[in-house]
Every structure is written in structure tokens, then in C-alpha cells.
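Report on one structure; see the data block that follows.
The values are calculated or read from the model by the stated rules, or taken from the named source; none is laboratory data. Computed from a predicted structure; not experimentally measured. Note that we place each Cβ from the backbone using ideal geometry, even for glycine, and neighbour counts take in every protein chain shown. What goes into the accessible areas is simple: the full protein's heavy atoms, side chains included, and nothing from ligands, DNA or RNA. Shrake-Rupley method; radii C 1.70, N 1.55, O 1.52, S 1.80 Å.
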Amino acid sequence: MSAKRNIVTLDGPAGVGKTTLAKRVAEAMGIAYMDTGAMYRTLGWKLGAQAASLDEAVLAERLAACTFSLSGSGAATVLAVNGVPVGNEIRTEEVGMLASIVAKLPAVRDALKKAQQAMGEATPLVAEGRDMGTVVFPEARCKIFLDATPQERARRRFDQLVSMGDSPDLEALTEQIRQRDEQDRNRAIAPLRPADDAVIVDTTSLDIDGVFEEIMRHVRTA
Ligand code: DC
């Protein structure tokens with residue numbers, strides 16, 4: 001495909017703020033956002049860490065039994081699995097780690113890539129994850145890669161979990177994020193990395209409004 005697709009990709013490591021920003025950018029553009037981390041989290045939650053030892057045919061069957069869909073747009077976009085909206089139960093760091101484990105499996109990546117590309121065919125999107133600009137939508141019109149130090153990302157995730165009523169341990173969170181980074185960056189298929197044509201935004205010393213403005217500046221000129 002040669003024409004640039006009406007898709008904005010936001011990739012980056014755990015806790016950098018991708019979901020919050022994808023929502024805001026989608027709202028500003030009047031299009032839907034696709035939280036692909038939530039898709040991997042849902043499969044991590046449903047399949048568990050033993051997914052890697054499942055028989056190939058059983059795994060294929062379990063993946064075929066999960067159908068993802070998107071409805072609505074902007075901040076009101078809803079991601080559903082088998083018609084049921086994905087809820088906050090997947091937002092813990094433990095489920096994040098399960099997601100990162102199942103995300104190494106070729107059958108899982110293949111199934112989600114197909115589902116994500118089908119959603120991108122159906123509607124313009126802000127697509128956030130790890131491999132949106134490199135693998136899933138290499139022809140996207142605007143690609144952004146967000147980064148921040150692990151300490152700053154752990155602090156942001158800490159605030160998010162507290163706002164959801166959790167009482168996380170900041171030191172443990174920093175270590176979990178570090179481990180997840182290592183796993184996501186070093187896996188064989190679709191590792192976390194910026195696309196060659198992505199704009200890299202270091203968000204460490206920016207607040208959310210500052211990052212949003214910077215992203216929108218690139219979106220407008222892409
Ligand atoms: O963005 P997140 O923290 O919700 O993602 C959870 C995990 O899912 C992440 O550690 C790795 C995996 N993931 C992936 O491999 N590819 C994506 N496009 C999105 C997430």
C-alpha cells in the first residue's frame with residue numbers, strides 16, 4: 001500500500017502516558033483510539049502465564065474465541081471483547097506483566113495484528129502500543145514515539161493506580177516497569193522500537209498538556 005493511511009501511531013514503553021494521550025488526540029481529531037495494550041492485557045488475563053505451554057491447536061482455538069471490536073470515537077471510544085467492554089480489572093501491573101509474556105507468542109501477535117489492521121481498515125484511528133508504527137501500520141500518516149525515564153514512568157503509573165483506588169509500592173512498580181521494558185524491547189517478534197520515520201518525543205520533563213501540544217503539532221503538519 002503506498003498511500004499514507006489516516007492513522008496516527010503512538011508507540012512507547014510502559015507508563016509513558018500513551019493511553020491518556022491517545023484518548024486526547026483522538027478526541028481532538030474526532031476519531032477513535034485503539035488501545036492495543038488493552039488487547040494484550042485482555043489476552044494475558046484470559047490465557048494466563050501458562051499460555052506459552054499450551055498446545056498450538058488449543059491456543060489457536062482460544063484466540064479464535066476472542067473477538068475484539070471498537071465503537072464510538074474520541075474519549076468515548078469503547079474497546080470490547082466478544083461484545084463486553086474491557087474493564088479496569090486489566091489495569092494492574094500484574095496483568096501488564098502477563099500481557100508482556102503472552103505478547104511474545106507468535107500466534108498471539110498474529111491474531112492481534114490481524115484484528116488491529118481490520119479495525120484500521122474500518123475507521124481512521126489513533127493507534128497506541130509498541131509496534132503500531134513499525135509492524136501493524138507501517139503506512140500511517142503520522143508516527144510518534146514517546147519516551148521517558150523508567151523512574152518518571154513508574155511515578156506516572158503510581159499516580160494512575162492511586163487514582164483508581166489502589167495503594168501501589170513505588171519501588172516495586174519501578175522494578176516491574178524495568179522488567180517489562182526489557183521483555184518488550186528484547187523479544188524476537190515486533191520488539192518495542194521507534195519506526196525509522198517516527199518523531200521521538202522525550203516526555204520526561206513535560207506535563208501531559210505539553211506532550212499533547214507537541215503531538216498535535218506533528219499531527220497537523222504530517
Ligand atoms: O501499553 P500497556 O502497558 O497496556 O501494554 C501491556 C503489554 O502488552 C506490554 O508490556 C507489551 C504488550 N504490548 C505489545 O506487545 N504490543 C502492543 N502493541 C501493545 C502492548
Inset, instruction - Collect the residues in the stretch 122-157 that are in a helix (DSSP H, G or I) and open to solvent by less than 60 Å² (accessible area, probe 1.4 Å), keeping them in residue-number order. - result: M132, G133, T134, V135, V136, P150, E152, R153, A154, R156, R157
Legend entry - Every residue from the stretch 57-71 that is surrounded by 10 or more Cβ atoms within 10 Å (Cβ to Cβ) and either over 20 Å from the mean Cα position of the chain (by Cα) or not in a helix (DSSP H, G or I) (or both): V58, L59, A60, E61, R62, A65, C66, T67, F68, S69, L70, S71
Inset, instruction - Answer yes or no: is there a residue in the stretch 115-134 that is away from the ligand (no atom under 13 Å from the Cβ) and among the basic types (K, R). - result: no
Inset, instruction - Scan the stretch 197-215 and give yes if some residue there is in contact with a Phe, Trp or Tyr (Cβ under 7 Å, 6 or more places away or on another chain), aliphatic (A, V, I, L, M), modelled with pLDDT of 95 or more and assigned to a loop (DSSP other than H, G, I, E, B), otherwise no. - result: yes
Inset, instruction - Determine whether R185 is assigned to a helix (DSSP H, G or I), exposed (fewer than 14 other Cβ atoms within 10 Å of the Cβ) and among the basic types (K, R). - result: yes
Inset, instruction - May I ask you to say which residue of L10, L70, L43, L47 is touching a helix residue (DSSP H, G or I) at 6+ places or on another chain (Cβ under 9 Å) and farther than 20 Å from V136 by Cβ? - result: L47
Legend entry - Answer from V25, V78, V8 - the residue that is without any contact (Cβ under 8 Å) to a residue 24 or more places away in the chain, more than 13 Å from the ligand (Cβ to nearest atom), within 29 Å of E213 (Cβ to Cβ) and in contact with a strand residue (DSSP E or B) (Cβ under 8 Å, 6 or more places away or on another chain): V78
Legend entry - Among the residues listed as K46, K18, K23, the single one being under 12 Å from R130 (Cβ atoms) and either in contact with a Phe, Trp or Tyr (Cβ under 8 Å, 6 or more places away or on another chain) or not small (G, A, S) (or both): K18
Legend entry - Residue within the stretch 95-117 that is open to solvent by 70 Å² or more (accessible area, probe 1.4 Å) and modelled with pLDDT under 95 present: no
Inset, instruction - Would you mention how many residues in the stretch 83-94 are touching a residue at least 40 places away in the same chain (Cβ under 8 Å), surrounded by fewer than 16 Cβ atoms within 10 Å (Cβ to Cβ) and not in a helix (DSSP H, G or I)? - result: 0
